[in-house]
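Trainee: Sharing a structure with you now.
Each reported figure results from applying straightforward, stated rules to the coordinates on display, with no laboratory input. As the structure is a computational prediction, the values presented were derived from the model and not from experiment. Note that we place each Cβ from the backbone using ideal geometry, even for glycine, and neighbour counts take in every protein chain shown.
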Amino acid sequence: MYESFYGLTGKPFQLTPDPAFFFGSRGHSRAMAYLKYGVHQGEGFIVITGEVGAGKTTLVRNLLQQLPSKQLVAVQIVSTQLDSQDMLRMIAGAFFGVAPELPDKAALIMGLERFFRRLHAEGKRALLVVDEAQNLSPQAVEELRMLSNFQHNDKSLLQSLLLGQPEFREMMQRPEMRQLRQRVTASAHLGPLDVEETQAYIEHRLHRVGWNGNPSFEPAAYQRIHEVAAGIPRQINVLCDRLLLAGFLGEKTHLTSDDVQEVFIEFGKELSAVQGSQPMEDYFEGGMPSNVAALPLANNTETILLNGLAEQVNLLKDSVASMSRVLEQLQQAKRPRVKQVKAD
């Protein structure tokens, strides 16, 4: 609505992660350097943590845009409290393009290993991005660690990138995570933006859509935005989007700290009406609700999809063979045993 009023070519503060709007703050630039180093190593685990809305997904998408897509097959899953077998099914479904319905864990693991070996033979690498890693159960962590054991000669067939909230850093220090810690090749934590970075972030996103100084902001407005949003990029986006909308409705071309405060209060009333008595301060400090849907990070080629479907056939064959063996054992167990009587 406000884009045409301010002469913008698009929406500057959308919530959907978009690498085109990546802002290289000091923290984000440092994290990007660690990411590049970790991916260059081609093995083990890379760990990126940060508050909800700190820009972890945008960071990863920006990285993947810079990597040769013909050599990297990257998929993302959003972890929940899954048991180990469901985690394996989710991973297989992400790489194969279809979710396997198999009862046999051994067949599923063998199928994944075959798939990764096929990618390696085609000169490709597999990268698994696990979002919301703080939700991983100990069993799921162990499955990820076991998958990292797949190798061809001295090359790892699978590398994993774990994205989590700050509590995941605490999880990593637990005794049961010792083996995973030993396989971390790079890690970084995304903190909030400071006041100067908040202003630069806002102006960066506006410049990406053709901003020519309309609307203008008084310095105190940037300060208030930083205070309200606590320097978290997604919360800055929420507030600034509403601020520009309010400016458009009021036909304002210069925005002040009072305008920011007014939007802050108005938005707080709307949230209180929807969520009960929760004040806006609590809403922002707690972070915006995260997107629970898996976001595809790379377009699999037709060859990869066909390979995935072929792997499904192989998995089905393995599962049928395994079930046949179980049925045969059950049938043998039910057969009456003939007791032999020795002659006197």
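Trainee: What is the order of Ser216, Ser137, fewest Cβ neighbours within 10 Å to most? If you can, show how the numbers build up before the last one.
Mentor: Working: Ser216 11, Ser137 15.
Listed from fewest to most nearby Cβ atoms, that is Ser216, Ser137.
Trainee: Compute the signed sum of charges (Lys and Arg +1, Asp and Glu -1) over the other residues within less than 12 Å, Cβ to Cβ, of Gln179. Please list the in-between numbers first.
Mentor: On the way: positive: Arg145, Arg174, Arg178, Arg181, Arg183; negative: Glu142, Glu176.
After counting each charged neighbour, the total is +3.
Trainee: Is the shape of segment 108-256 rounded, prolate or oblate, going by the alpha carbon gyration tensor and its root eigenvalues a ≥ b ≥ c, with a/c under 1.5 for rounded and a/b larger than b/c for prolate?
Mentor: Details: a/c = 3.64, a/b = 2.35, b/c = 1.55.
Judged from the Cα gyration tensor, segment 108-256 comes out prolate (a/c at least 1.5, a/b above b/c).
Trainee: Search the structure for amide H atoms under 5 Å from the amide H of Val47, placed 1.01 Å from N in the peptide plane, and list their residues when 5 or more places away or on another chain.
Mentor: Leu162, Ala186, Ser187, Ala188
Trainee: What is the Cα coordinate range of segment 193-277 on the first, second and third principal axes, sorted by size from largest, in whole angstrom?
Mentor: Sorted from largest, the Cα extents of segment 193-277 read 39, 30, 22 Å.
Trainee: Moving on. Order of Phe95, Phe5 from fewest to most other C-beta atoms within 10 Å? All intermediate terms of the calculation are to be shown ahead of the outcome.
Mentor: On the way: Phe95 23, Phe5 17.
Listing Phe95, Phe5 from fewest to most nearby Cβ atoms yields Phe5, Phe95.
Trainee: So, one more: Amide H neighbours of Gln76 under 5 Å, counting only residues 5+ apart in sequence or on other chains, H built in-plane at 1.01 Å?
Mentor: Val129, Leu297
Trainee: Measure up Lys70/Lys105; Lys36/Lys155; Lys36/Lys56; Lys11/Lys70 against 21 Å on the Cα-Cα distance and list the ones that go over. It would help to have the intermediate numbers written out before the result.
Mentor: On the way: Lys70/Lys105 30 Å; Lys36/Lys155 18 Å; Lys36/Lys56 14 Å; Lys11/Lys70 31 Å.
Beyond 21 Å: Lys70/Lys105; Lys11/Lys70.
Trainee: If Lys and Arg each add +1 and Asp and Glu each add -1, what is the summed charge of the other residues whose beta carbon sits under 10 Å from the beta carbon of His28?
Mentor: Around His28, the charge tally is +2.
Trainee: With a cut-off of 8 Å between alpha carbons and a minimum separation of six or more residues, what is the relative contact order of segment 193-277 in percent? Numbers along the way, then the final one.
Mentor: Working: 63 pairs, mean separation 30.1, N = 85.
Rounded, it is 35 percent for segment 193-277.
Trainee: Ok, one more. Note down the net charge around Val209, summing +1 for each Lys or Arg and -1 for each Asp or Glu among other residues with Cβ under 10 Å from its Cβ.
Mentor: Values: positive: Lys11, Arg205, Arg208; negative: Glu3.
Surrounding charge for Val209 is +2.
Trainee: Grab the Cα-Cα distance for Ala106 and Thr16, subtract it from 0.36 nm times how many residues apart they are, and report the gain in nm with one decimal.
Mentor: Details: separation 90, 0.36 × 90 = 32.40 nm, distance 3.77 nm.
Contour length minus the Cα-Cα distance gives 28.6 nm.
Trainee: Now for a different question. Ranking request for peptides 70-79, 117-126: highest mean number of other beta-carbon atoms within 10 Å first, then the rest in descending order.
Mentor: The peptides rank, most packed first, as 70-79, 117-126.
Trainee: If neighbour count is taken as other Cβ atoms inside 10 Å, put Glu170, Glu142, Glu251 in order from fewest to most.
Mentor: Glu251, Glu170, Glu142
Trainee: With a point put 7 Å past each Cα toward its Cβ, work out how far Arg178 is from His152 in nm, to one decimal.
Mentor: 3.4 nm
Trainee: Right, here's the next one. Indicate the gyration tensor shape class of segment 86-145 (rounded, prolate or oblate), computed on the Cα atoms with a ≥ b ≥ c the square roots of the eigenvalues: a/c under 1.5 is rounded; otherwise a/b larger than b/c is prolate and the rest oblate. Mind dumping the intermediate values first?
Mentor: On the way: a/c = 1.85, a/b = 1.31, b/c = 1.41.
Note, shape of segment 86-145 comes out oblate.
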